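Taking it in order: structure first as structure tokens, then the write-up.
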Amino acid sequence: MTFDISKIARRNILGLEPYRCARDDFKVGLLLDANENTHGPSAALSAREESLELNRYPDPHQIELKQKICDFRNSEAATKGAIVPVPLVEGVEKKLTPENLCLGVGSDESIDALLRCFCQPGKERLLVCPPTYGMYGICAQVNDVELVKIPLKLDDFQIDKEMILSSVLNDPSIKLIYLTSPGNPTAAQIDLTLFVQLLEELEQNTWHGLVIADEAYVDFSPIGSSLAPFVNKFPRLVVLQTLSKSFGLAGIRLGITYSTPEVSLLLNSMKYPYNISNLTSDVALRATTPEALAKMRETCSTIVEQRGILLKNLLELKGIGKNRGGLDANFLLIEVLNKEGNPDNEVANNVYNYLATKRNVVVRFRGKELGCTGCLRVTVGTEKENETLVEEFREALKRYN
Ligand SMILES: Cc1ncc(COP(=O)(O)O)c(C=O)c1O
């Protein structure tokens, strides 16, 4: 079915004229048009910060940064051995361009923006697949958008494609499907063939909505796993990524939304014009040089290697059950057992609290999430941090087991 954005986006957003900032009109000259302070910053700045002209508003469009991000993702899609299903590779008609991108203050901003763009408060709904990232529910509640929950299959944390399809096809008020791949807290990538089948089946139907693939952790999966290069092939697909994880830049707050130029235009029209600060774009530009990208890949490989070692060492401890989640992200979802050998929330919570309050080692209790009874989510750290973690776990487990 042809993609008709006017049937998907909210009417008030479709008619939005983007805010036109002073710099859209004139870029050079004696710039006294934006009520900036031309005396300069009041804080003492480093030479680098001085060079960023922090007394000026940032560039609302960030084309240079967007281009560098596109070049990187296009290059990875073309990598030999990219693991997206083969028919999809043949279907790449157009490479990503800056028109496919909207940048945000982390992907948390993008999650909220999509809701505001597409879901009418009090009327339309959002589909999520628990256990999943908590911000979808929080943004939905803030925007008065009801959640429809179709749990992941709890044996392998894969999506229930048939249930998702029947839900959205029977309920036109569902406008967005949020899928996390790799998942949080599941650490499991959604099988790409299944994902593509879902997209293909939705393209053939009359559903007026979008599927959002939140790929915050995708760089810890094999290279070529990202669906971002396919937003031009599947107009109902939106992909979210972030510099917070693989790039090690959670502090700069930079999230990326990939979508068709039509969707992207709406998202760019509604965002706050200056959401990406000069400081953020300066660091992000340095993070997308070929050298920095090579370093990012190298760090991801190290984390993946460490993930294997950490898992092996944790599984050898008495009181640890199995790895409940997948092996596609920079964390593990580990079962903590009681004396009877069953995953147990009380024991897991005790271990978690003891580690945090007595041993200064902080992991995350996830036992209350669907299908995660007795589970702790453990981020893979450096080699030394992981060794400390295992030793502390060993001692903590002895106390409660
Ligand atoms: C699945 C998922 N999406 C998005 C985010 C938020 O990322 P950002 O730092 O870009 O806002 C997180 C953070 O933990 C996450 O786990």
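The values are calculated or read from the model by the stated rules, or taken from the named source; none is laboratory data. In this text the structure is predicted, and so the values were computed from the model without any measurement. Here the Cβ positions follow ideal geometry from the backbone for every residue, glycine too, while neighbour counts run over all protein chains shown. Each accessible area value is taken on the protein alone, full model and side chains, heavy atoms only, with ligands, DNA and RNA left out. Shrake-Rupley method; radii C 1.70, N 1.55, O 1.52, S 1.80 Å.
Around S110, with a cut-off of 10 angstrom between Cβ atoms, what is the net charge of the other residues, counting Lys and Arg +1 and Asp and Glu -1? Don't jump to the answer; show the numbers that get you there.
On the way: positive: K271; negative: D108, E109, D112, D214.
Every neighbour counted, the sum reads -3.
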For this session: Please work out how much accessible surface K7 shows to a 1.4 Å probe, ignoring ligands, DNA and RNA, in Å² rounded to 10.
Result: 110
Exercise. If amide H atoms are built 1.01 Å from N in the plane of the peptide, which residues on other chains or at least 5 residues away come under 5 Å of the amide H of A216?
Worked result: S181
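Averaged per residue, what accessible surface does segment 293-400 expose to a 1.4 Å probe, in Å²? It would help to have the intermediate numbers written out before the result.
Values: 5660 Å² over 108 residues.
Value for segment 293-400: 52 Å² per residue.
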Seminar exercise, completed: Within the set P273, P290, P235, GNM on the chain using Cα springs under 10 Å gives the largest fluctuation to P290
Problem set entry | Length-normalised contact order of segment 85-199 in % [C-alpha pairs under 8 Å, at least 6 apart] | 26
Exercise. Bin by bin, in steps of 5 Å, what percent of the Cα pairs in segment 31-188 do you find, going until the bin that has the longest distance?
Worked result: 1, 7, 12, 12, 14, 16, 14, 9, 6, 5, 4, 1, 0
Exercise. What accessible area, in Å² to the nearest ten, does a 1.4 Å probe give for T382?
Worked result: 80
Exercise. Which value, in Å² rounded to 10, gives the accessible area of L285 with a 1.4 Å probe and all protein chains present?
Worked result: 40
Problem set entry | Radius of gyration and maximum dimension Dmax of the chain, Cα, Å | 22.5, 76
Seminar exercise, completed: Semi-axes a, b, c in Å (a largest) for segment 117-224, each sqrt of 5 times a Cα gyration tensor eigenvalue, come to 22, 17, 12
Problem set entry | Table column - 3J(HN,Hα) (Hz), segment 134-145, Karplus curve with 6.51, -1.76, 1.60, x for Gly and Pro | x, 5, 4, x, 5, 4, 5, 5, 4, 8, 6, 10
Exercise. Once amide H atoms are placed 1.01 Å from N in the peptide plane, what residues at a sequence separation of 5 or more from L210, or on another chain, have their amide H within under 5 Å of its amide H?
Worked result: L176, I177
Exercise. In whole Hz, what ³J(HN,Hα) sequence does segment 223-237 give by Karplus (6.51, -1.76, 1.60; θ = phi - 60°), x for Gly and Pro?
Worked result: 4, x, 7, 6, 8, 3, x, 10, 5, 7, 7, 10, x, 8, 9
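Quick one: order I223, I138 from most to least accessible surface, probe 1.4 Å. Show your work: numbers first, answer last.
On the way: I223 70, I138 95 Å².
The ranking, largest first, comes out as I138, I223.
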Seminar exercise, completed: Amide H proximity to G321 below 5 Å, modelled H, separation 5+ or other chain, gives E335, V336, L337
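Ranked by accessible surface with a 1.4 Å probe, highest first, in what order do H208, H61 come?
Numbers: H208 60, H61 85 Å².
Ranked list, largest accessible area first: H61, H208.
By the scheme Lys and Arg +1, Asp and Glu -1, what is the net charge of all other residues having a beta-carbon under 12 Å from that of P273? If you can, show how the numbers build up before the last one.
Details: positive: R20, R23, K271; negative: D24, D59.
Local net charge: +1.
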For this session: Restricting attention to the chain, give the cysteines that have no other cysteine Cβ less than 4.7 angstrom from their Cβ.
Result: C21, C70, C102, C117, C119, C129, C139, C300
Exercise. Going out from 0 in 5 Å bins, what whole percent of all Cα-Cα distances in segment 1-120 drops into each bin?
Worked result: 2, 7, 11, 13, 15, 17, 13, 9, 7, 4, 2, 0
For this session: Over the alpha-carbon set of segment 293-400, divide Rg by the Kirkwood Rh and report the Rg/Rh ratio to two decimals.
Result: 0.98
Problem set entry | the chain, relative contact order in percent, only Cα pairs under 8 angstrom and at least six apart counted | 18
Seminar exercise, completed: With Cα springs under 10 Å, the Gaussian network model of the chain assigns the largest mean-square fluctuation among Q158, Q141, Q120 to Q141
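So what is the 222 nm mean residue ellipticity for the chain from helices alone, if each DSSP H run of at least 4 adds -39500 (n - 2.57) and you divide by all residues, rounding to the nearest 500 deg cm²/dmol? Mind dumping the intermediate values first?
Working: 14 runs with 154 residues, N = 401.
So the helix-based figure for the chain works out to -11500 deg cm²/dmol.
Apply the Kirkwood formula to segment 173-317: the hydrodynamic radius equals the inverse of the mean of 1/r over all pairs of different alpha-carbon atoms; give it in Å with one decimal. Kindly include the intermediate steps, with their values, before the conclusion.
Working: mean 1/r = 0.0587 Å⁻¹.
So the Kirkwood estimate lands at 17.0 Å.
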